[in-house]
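Below is one structure, written out as structure tokens; comments come after it.
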Amino acid sequence: MKAIVVNFLLLFFITGICAQDSHQLWLRKKTAIPVNVICTNKSATATIAIKELQQGWQGKRGANISLLIKKDKALKADGFRLTQSSVEANTELGILYGAFELLRRQQTGQPITEGISNPSYEIRILNHWDNPNGSIERGYAGSSIFWHKDSSLIVTDNDKMLWLEYARANASVGINATVLNNVNASPLMLSAAYLDRVKAIADIFRPYGIKVYLSIKFSSPALLGGLKTADPLDTKVIEWWKEKAREIYSLIPDFGGFLVKASSEGQPGPQDYGRTHADGANLLADAVGKYGGIIMWRAFVYSPNDKDRAKQAYNEFINLDGKFHDNVIIQVKNGPIDFQPREPFSPLFGALKQTSVMPEFQITQEYLGHAEHLVFLSTMWEECLQSDTYQQGPGSTVARCTDGSIYLQKHSAIAGVANIGLDTNWCGHDFAQANWYAFGRLAWNNSLSSDQIADEWIKQTFYPDVTETKISALYSSEWQVNFLAPVKQMMLESREAAVNYMMPLGFHHIMSANEHYGPGPWWAPARMRADWTPPYYHQADSAGVGFNRTNTGSNAVSQYREPLASQFNSVNDCPEIYLLWFHHLPWTYKMKSGKTLWEEICYHYDKGIKQVRQFQKIWDKVQPYVDKERFLSVQRKLRNQTSNAVLWKDACLLYFQQFSHMPIPYEIERPVSNLDEIISNDMRRRR
């Protein structure tokens with residue numbers, strides 16, 4: 001009888017589910033319960049905090065909530081102290097962050113107990129790879145929200161509304177900075193016309209605590225200023241940058257600073273003039289330093305001359321430790337290569353002991369299926385942040401080596417390459433919104449678990465507004481069992497599934513050259529630089545497969561601190577998830593499972609397909625709990641993801657079988673595509 005009642009009430013409620021506007025992200029409007037917010041501060045930021053509480057309160061009707069700014073030595077920067085009836089902070093932004101946290105706990109069912117919340121990183125910044133013409137490098141969610149296709153710099157009311165919504169979403173998860181343009185920067189970004197638009201953006205962002213930064217082209221003094229050189233030690237160049245900084249800060253007094261990609265992938269830099277990265281970074285640091293500006297200098301550098309691309313960033317920066325000004329932060333990608341589905345952490349983390357270092361994660365899924373594949377990246381970032389570098393003994397995690405816990409550094413920061421565009425749902429895939437959310441939450445608290453982050457996001461994004469219904473508790477119980485639990489499990493398994501059907505066991509950089517979407521382990525055109533081709537990385541031949549980075553190979557293992565160096569060097573001790581990253585092994589090598597390496601590769605690809613097919617079943621089963629629009633959109637993308645996973649398996653197994661000369665195990669699904677046809681067609685993005 002109880003089951004009948006439950007099903008009847010569930011059906012009754014389901015019929016009332018309306019189409020949800022995915023544009024609202026995790027900040028969906030709910031029926032607010034009246035609350036009294038007491039705050040004497042009348043600033044724009046405090047006013048926003050009051051409004052958020054009044055429009056989103058889900059607690060006790062008529063409760064009194066106090067917002068207090070008072071000095072508390074236990075609070076760092078914009079941290080806050082939370083109680084059931086108050087938010088206390090040293091700053092207005094702390095009050096705003098505390099208000100969002102209070103609402104988050106109400107909406108996710110977390111207890112509201114007295115406690116302190118301090119940010120792990122001082123600067124929590126998004127990097128937008130947006131171009132002046134509105135296009136986005138590695139963007140999969142439409143055009144730029146900052147720059148127009150027609151290069152128009154007129155600021156419209158629609159622009160202002162979108163920027164406000166963007167700022168609010170960022171503030172709700174603690175993100176406090178953004179880079180407005182591509183690291184492959186145009187010098188136009190520093191021209192007067194573009195700076196006026198940057199000012200307009202900064203004015204919208206300011207009440208939400210979002211500082212704006214710009215990526216700059218190192219040769220701008222020559223390209224924009226008409227100088228004959230961009231040599232960082234040239235006096236005219238030095239004066240040009242000082243004057244440019246003065247111009248920017250006169251427009252935007254709280255301008256954050258510059259992000260710099262230099263001497264990398266053809267971008268100009270100090271090495272063009274025989275200077276070092278420190279020379280280039282310090283030039284800019286001096287220009288913005290008097291205004292409190294920061295320079296974020298990317299360590300993503302490599303040249304075609306190095307025999308192992310994975311070693312180059314470490315080799316270029318390790319001897320410069322201590323030579324950078326204290327307002328310079330070295331921005332380091334999570335792994336030594338380039339945002340691959342799985343990499344070991346970059347050995348630069350913890351190795352630079354006298355220089356501020358910040359992690360750079362990629363929220364946009366350049367190598368993980370763009371906005372077609374459901375891949376929850378929080379598990380990848382958690383894996384990186386909690387990796388032990390051993391640089392100061394056990395417990396020297398990447399998180400602690402970068403957040404100021406271990407090394408004294410004036411500034412700490414963390415960056416995420418954004419996945420945001422003009423698509424209605426911002427990110428191209430409804431579940432890609434979870435990666436934006438997860439980055440913000442980990443940037444604020446780098447010890448959060450992916451389980452908690454996924455739980456929060458699902459509850460805020462999909463749980464319906466049942467405030468005024470009589471079946472709230474009953475529906476909640478059913479929803480948690482039939483929707484929350486399976487969908488969360490799908491999210492938590494999704495990254496490992498992608499690794500399995502794309503690049504398992506330490507494979508890396510074997511994707512198609514066509515926008516880095518789909519498989520392409522064969523791609524190696526004549527006269528193409530080797531380190532841009534997959535065979536450089538997998539090194540498959542009849543003897544085996546994998547990149548030998550041990551002390552008998554490139555010796556990249558030596559860049560890691562003991563005991564990691566020895567662990568990675570030993571084929572018996574190396575974690576199998578990194579096996580082919582560090583070792584070139586025979587196809588017949590016996591794995592811990594008892595299978596040969598070839599068989600293990602086959603079973604991993606097959607497992608990835610099975611996992612994604614299970615995701616399809618999970619999603620189809622939760623249809624009653626999702627509005628039609630979002631359900632059909634995700635269902636369609638999961639179908640595309642499954643077909644793409646099958647293509648990855650077929651392409652990689654048939655390609656590598658040419659070298660192993662071993663049969664695909666008969667328990668595994670047979671290939672449904674022919675290798676020659678896959679190669680001739682190459683992989684095209686599904687839209």
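Points to keep in mind about this one:
- Only residues that are more than 12 Å from residue 581 (Cα to Cα), open to solvent by less than 60 Å² (accessible area, probe 1.4 Å) and touching a Ser or Thr at 6+ places or on another chain (Cβ under 7 Å) were counted in segment 549-568, giving 1.
- Qualifying residue in segment 537-548 (condition: over 14 Å from residue 504 (Cβ atoms), open to solvent by 50 Å² or more (accessible area, probe 1.4 Å) and free of Cβ contacts under 8 Å to residues at least 40 places away in the same chain): no
- Selection count where residues are within 22 Å of residue 51 (Cα to Cα), over 28 Å from the mean Cα position of the chain (by Cα) and at pLDDT below 95, scope segment 86-124: 1
- Within segment 22-43, considering residues that are more than 16 Å from residue 166 (Cα to Cα) and either among the basic types (Lys, Arg) or not in a loop (DSSP other than H, G, I, E, B) (or both), the one most open to solvent (accessible area, probe 1.4 Å): 42
Residue-by-condition table, conditions (1) at negative phi; (2) at pLDDT 95 or above; (3) surrounded by 24 or more Cβ atoms within 10 Å (Cβ to Cβ):
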{"residue": "305", "(1), (2), (3)": "yes, no, no"}
{"residue": "325", "(1), (2), (3)": "yes, yes, no"}
{"residue": "328", "(1), (2), (3)": "yes, yes, yes"}
{"residue": "336", "(1), (2), (3)": "yes, yes, yes"}
{"residue": "351", "(1), (2), (3)": "yes, yes, no"}
{"residue": "365", "(1), (2), (3)": "yes, yes, yes"}
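- Among the conditions (1) among the aromatic types (Phe, Trp, Tyr); (2) closer than 15 Å to residue 500 by Cβ; (3) open to solvent by 80 Å² or more (accessible area, probe 1.4 Å), the only one that residue 605 does not satisfy is (3).
One line per residue, one yes/no per condition, for (1) part of a loop (DSSP other than H, G, I, E, B); (2) open to solvent by less than 50 Å² (accessible area, probe 1.4 Å):
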residue	(1), (2)
54	no, no
78	yes, yes
99	no, yes
142	yes, yes
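- Among the residues of segment 569-595, those identified as open to solvent by 40 Å² or more (accessible area, probe 1.4 Å), in contact (Cβ under 8 Å) with a residue 24 or more places away in the chain and of a type outside the set (Val, Ile, Thr) are 576, 584, 586, 589.
- Test: residue in segment 162-180 that is open to solvent by less than 40 Å² (accessible area, probe 1.4 Å), touching a His at 6+ places or on another chain (Cβ under 8 Å) and assigned to a loop (DSSP other than H, G, I, E, B): yes
- Scan segment 251-281 for residues that are over 24 Å from the mean Cα position of the chain (by Cα), under 23 Å from residue 195 (Cα atoms) and surrounded by fewer than 23 Cβ atoms within 10 Å (Cβ to Cβ) and the total you get is 5.
- So residue 124, is it in contact (Cβ under 8 Å) with a residue 40 or more places away in the chain and of a type outside the set (A, V, I, L, M, F, W, C): yes
- Selection from segment 623-646 of residues that are of a type outside the set (A, V, I, L, M) and open to solvent by 50 Å² or more (accessible area, probe 1.4 Å): 623, 624, 628, 629, 636, 639
- Condition met for residue 361 (open to solvent by 10 Å² or more (accessible area, probe 1.4 Å) and within 18 Å of residue 509 (Cα to Cα)): no
- So residue 492, is it open to solvent by 40 Å² or more (accessible area, probe 1.4 Å) and not in a loop (DSSP other than H, G, I, E, B): yes
- Checking the stated criteria, residue 483 turns out not to satisfy the condition of being part of a loop (DSSP other than H, G, I, E, B), open to solvent by less than 40 Å² (accessible area, probe 1.4 Å) and touching a residue at least 24 places away in the same chain (Cβ under 8 Å).
- Number of residues in segment 1-43 that are among the aliphatic types (A, V, I, L, M), farther than 23 Å from residue 83 by Cα and modelled with pLDDT of 55 or more: the value is 3.
- For segment 60-67, the count of residues that are more than 20 Å from residue 173 (Cβ to Cβ), without any contact (Cβ under 8 Å) to a residue 40 or more places away in the chain and buried (at least 21 other Cβ atoms within 10 Å of the Cβ) is at least one.
- Against the numbered list (1) crowded, with 17+ Cβ neighbours inside 10 Å; (2) part of a loop (DSSP other than H, G, I, E, B), residue 104 comes up short only at (2).
The values are calculated or read from the model by the stated rules, or taken from the named source; none is laboratory data. Treat the numbers as computed from the prediction; the structure is a model and nothing was measured. When we count neighbours, we look across all protein chains shown, and the Cβ atoms used for this are built from the backbone with ideal geometry, even at glycine. With ligands, DNA and RNA removed, areas are computed over all heavy atoms of the protein, side chains included. Shrake-Rupley method; radii C 1.70, N 1.55, O 1.52, S 1.80 Å.
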